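Inspection log for the structure reproduced underneath, given as structure tokens.
The values are calculated or read from the model by the stated rules, or taken from the named source; none is laboratory data. For clarity, every value in this text was computed on a predicted model and none was experimentally measured. Using ideal geometry, Cβ is built from the backbone for each residue, glycine included, and neighbour counts are taken over all protein chains shown. For the accessible areas, the whole protein counts, side chains as well, though only heavy atoms, and no ligand, DNA or RNA atoms are used. Shrake-Rupley method; radii C 1.70, N 1.55, O 1.52, S 1.80 Å.
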Amino acid sequence: ASIGTLPGGVNPLTGYSRRNLGFYEVESDRPVHNLIDSQGGALTLKWDAAPNLVIQSLTAYDTAKSDLGQDTEVSPISVIDTKYHTDYKEFSQEIRFTYNSGALKFQGGGYYGRDEIKVSNRYTVLRFLADLGIPADPTLAAGGIVIQQDYRQIRTSKAVFGQFDVSPTDRLTITAGLRYTWNTARYADGRASLNDFNLNPLVFTIGTPGSPVDKRGENRALTGRAAINYTFPDGQLIYASFSRGYRAGTFNGSAYFSPTQIEFVPPEKVNAYELGAK
């Protein structure tokens with residue numbers, strides 16, 4: 001717990017001090033029970049379609065649920081309490097083709113993925129003032145509030161990919177691969193409000209129950225890898241490679257004061273160069 005700034009370590013807002021608590025000891029008015037539950041499964045099917053050709057199907061489905069709470073200031077006086085609830089589910093399907101003739105190796109296929117998260121968060125601010133009979137105040141000038149935030153975020157990803165490994169000699173290998181990805185993101189059913197301590201809305205800051213905020217974003221990218229390596233007769237290997245990485249964009253869903261805070265975060269890209277010997 002934080003130590004107050006007044007003499008004796010007294011908090012200037014609440015008058016609380018840690019008194020004779022040890023370094024690893026705290027006082028809390030709201031001990032919480034946190035729950036995280038996750039389940040999932042994966043299925044892989046493999047077919048030897050020809051002597052040098054293998055076809056694989058990789059399917060996965062995962063779900064997760066969490067209820068997390070926090071007595072933020074860890075004191076017997078309620079200043080800020082938080083409660084986070086999420087429901088998450090994800091599905092992915094990949095079809096992969098692998099060809100190997102010794103001097104030529106190829107791997108390619110397609111991918112589809114979709115994930116969705118439902119979020120319901122609650123932030124209780126300055127509850128101790130309500131315990132003193134002071135009404136809620138959305139401006140926080142004379143009282144506390146309860147912030148309620150709800151939204152969903154849905155993302156989909158589609159991709160096609162292929163990579164060749166060619167060995168003109170037993171010592172030289174050349175690699176070239178490309179991946180093209182389409183991603184979409186949607187922020188849906190977005191609502192946030194400033195409430196009194198009985199959870200009655202005083203001010204809607206993002207959307208309303210009848211008109212939630214809904215925003216969409218999308219991006220696509222071409223990524224890939226090119227590499228060459230050579231093995232000397234004594235076993236020493238030298239190699240060089242170039243890779244372009246990509247991370248899809250998403251929404252800043254954690255905002256709860258204004259719709260203008262909910263922005264599509266652009267994707268991240270990185271070019272990586274590697275040169276070495278071993």
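So that you can scan it fast, the table gives a plain yes or no per residue for (1) buried (at least 18 other Cβ atoms within 10 Å of the Cβ); (2) farther than 30 Å from Thr124 by Cα; (3) touching a strand residue (DSSP E or B) at 6+ places or on another chain (Cβ under 9 Å):
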site: Gln149; (1), (2), (3): yes, no, yes
site: Ser157; (1), (2), (3): no, yes, yes
site: Ser167; (1), (2), (3): no, yes, yes
site: Asp170; (1), (2), (3): no, yes, yes
site: Leu178; (1), (2), (3): no, yes, yes
site: Thr184; (1), (2), (3): no, yes, yes
site: Pro201; (1), (2), (3): no, no, yes
site: Lys215; (1), (2), (3): no, no, yes
**OP:** State the number of residues belonging to the stretch 104-140 that are polar (S, T, N, Q), in contact (Cβ under 8 Å) with a residue 12 or more places away in the chain and outside any strand (DSSP E or B).
**Re:** 0
Original post:
Looking only at residues in the stretch 143-202 that are of a type in the set (A, V, I, L, M, F, W, C) and free of Cβ contacts under 8 Å to residues at least 40 places away in the same chain, which one is nearest to Asp214 (Cα to Cα)?
Top reply: Ala188
Original post:
Does at least one position in the stretch 222-240 carry a residue that is within 20 Å of the chain's Cα centre (by Cα) and in contact (Cβ under 8 Å) with a residue 24 or more places away in the chain?
Top reply: no
Subject >> Some residue of the stretch 223-241 being closer than 30 Å to Asp150 by Cα, open to solvent by 50 Å² or more (accessible area, probe 1.4 Å) and modelled with pLDDT under 95 >> reply: no
Subject >> Failed condition for Glu27, given (1) surrounded by fewer than 13 Cβ atoms within 10 Å (Cβ to Cβ); (2) touching a residue at least 12 places away in the same chain (Cβ under 8 Å) >> reply: (1)
**OP:** Please determine, by comparing only the residues of the stretch 155-186 that are in a strand (DSSP E or B) and of a type in the set (Lys, Arg), which one is nearest to Tyr239 (Cα to Cα).
**Re:** Arg179
Original post:
Can you name the residue in the stretch 48-92 that is among the hydroxyl-bearing types (Ser, Thr, Tyr) and not in a strand (DSSP E or B) and is also most open to solvent (accessible area, probe 1.4 Å) among such residues?
Top reply: Thr72
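Inside the stretch 17-47, can you point out the residues that are part of a strand (DSSP E or B), under 28 Å from Thr63 (Cβ atoms) and not acidic (Asp, Glu)?
The initial filter retains those residues of the stretch 17-47 that are part of a strand (DSSP E or B), namely 35-47.
Next, only the ones that are under 28 Å from Thr63 (Cβ atoms) stay: 35-46.
Passing the criteria: Leu35, Ile36, Ser38, Gln39, Gly40, Gly41, Ala42, Leu43, Thr44, Leu45, Lys46.
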Original post:
Which residues, counting only those in the stretch 242-269, are open to solvent by less than 50 Å² (accessible area, probe 1.4 Å), within 30 Å of Tyr123 (Cα to Cα) and either modelled with pLDDT of 95 or more or in a strand (DSSP E or B) (or both)?
Top reply: Thr250, Phe251
